């Protein structure tokens, strides 16, 4: 693990000294659901998120604090920095093309049980109506299980109905199989109404639902005795500072 941390640190030493933050967003989310798999079925989740764009690329961090009905507590975090080929002057696609940027994508997954390091390539796409649409492919350097591959898509699509603002955003992760884990898929998306705008607030206050679909959650095979396919609707409140 020390070698992996040193390698990641060395990578970011290549970022120019004059690097600066161009924009950032901070939010807190509360979720409540009653159909979780792998562990207690009823949970509350508090999530802190920080997203930023910088002169070298972009960064996304989140921390989940899960509180289950059975009294158990769990923390899980991810940090996903990506180096932009366009911003660093390595490669920049033509203006107005389908591909907006090509990036070196990285993620660190941190839980109380393990730490995983992901490295790969990403592309940002230009697609009408989307605030962003990002595709990343990773080689996973797993802690405790065999290494495998991951494909990730993230998106945000704002729209309006009767002068009310809504947002549909989320991510889709697909993980390849190995000898000690099944291929799995996680589709998590949120449909949210901007109640803050309707109330005249300067900050965004979202109310809505989060839908989570897992197939073979965490790479664990779904069986009659231990089901790991999850279809879970959470109530959602999200506030952006």
Which members of region 58-80 meet the condition of being surrounded by fewer than 17 Cβ atoms within 10 Å (Cβ to Cβ), under 11 Å from the mean Cα position of the chain (by Cα) and free of Cβ contacts under 8 Å to residues at least 24 places away in the same chain? 61, 62, 63
Go through region 19-31 and report how many residues are in a strand (DSSP E or B) and either surrounded by fewer than 15 Cβ atoms within 10 Å (Cβ to Cβ) or in contact with a helix residue (DSSP H, G or I) (Cβ under 7 Å, 6 or more places away or on another chain) (or both). 8
Can you confirm whether residue 164 is more than 19 Å from residue 49 (Cβ to Cβ) and surrounded by 15 or more Cβ atoms within 10 Å (Cβ to Cβ)? no
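Results for (1) surrounded by 14 or more Cβ atoms within 10 Å (Cβ to Cβ); (2) closer than 23 Å to residue 28 by Cα; (3) without any contact (Cβ under 8 Å) to a residue 12 or more places away in the chain; (4) out of contact with any helix residue (DSSP H, G or I) (no Cβ under 8 Å at 6 or more places or on another chain), shown as yes or no for each residue.
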site: 193; (1), (2), (3), (4): yes, yes, no, yes
site: 199; (1), (2), (3), (4): no, yes, yes, yes
site: 205; (1), (2), (3), (4): yes, yes, no, no
site: 209; (1), (2), (3), (4): yes, yes, no, yes
site: 216; (1), (2), (3), (4): yes, no, no, yes
site: 223; (1), (2), (3), (4): no, no, yes, yes
site: 226; (1), (2), (3), (4): no, no, yes, yes
site: 236; (1), (2), (3), (4): yes, yes, no, yes
site: 241; (1), (2), (3), (4): no, yes, no, yes
Return the only residue of 184, 177, 189 being in contact (Cβ under 8 Å) with a residue 12 or more places away in the chain and either more than 18 Å from the chain's Cα centre (by Cα) or exposed (fewer than 15 other Cβ atoms within 10 Å of the Cβ) (or both). 177
In region 83-92, is there at least one residue being within 24 Å of the chain's Cα centre (by Cα) and assigned to a strand (DSSP E or B)? yes
Enumerate the pairs (first residue in region 99-117 and in contact (Cβ under 8 Å) with a residue 24 or more places away in the chain; second residue anywhere and in a loop (DSSP other than H, G, I, E, B)) with beta-carbon separation below 6 Å, excluding pairs fewer than 6 apart on the same chain, so at least 6 apart or on different chains. 99/93; 100/126; 114/143; 114/144; 115/143; 116/142; 116/143
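Here's the yes/no breakdown for (1) modelled with pLDDT of 95 or more; (2) crowded, with 16+ Cβ neighbours inside 10 Å:
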{"site": "82", "(1), (2)": "yes, yes"}
{"site": "85", "(1), (2)": "yes, yes"}
{"site": "93", "(1), (2)": "no, yes"}
{"site": "102", "(1), (2)": "yes, yes"}
{"site": "106", "(1), (2)": "yes, yes"}
{"site": "109", "(1), (2)": "yes, yes"}
{"site": "113", "(1), (2)": "no, no"}
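The values are calculated or read from the model by the stated rules, or taken from the named source; none is laboratory data. Remember, predicted model here, so these are calculated numbers, not experimental data. As a convention, Cβ positions derive from the backbone with ideal geometry for all residues, glycine included, and neighbour counts pool all protein chains shown.
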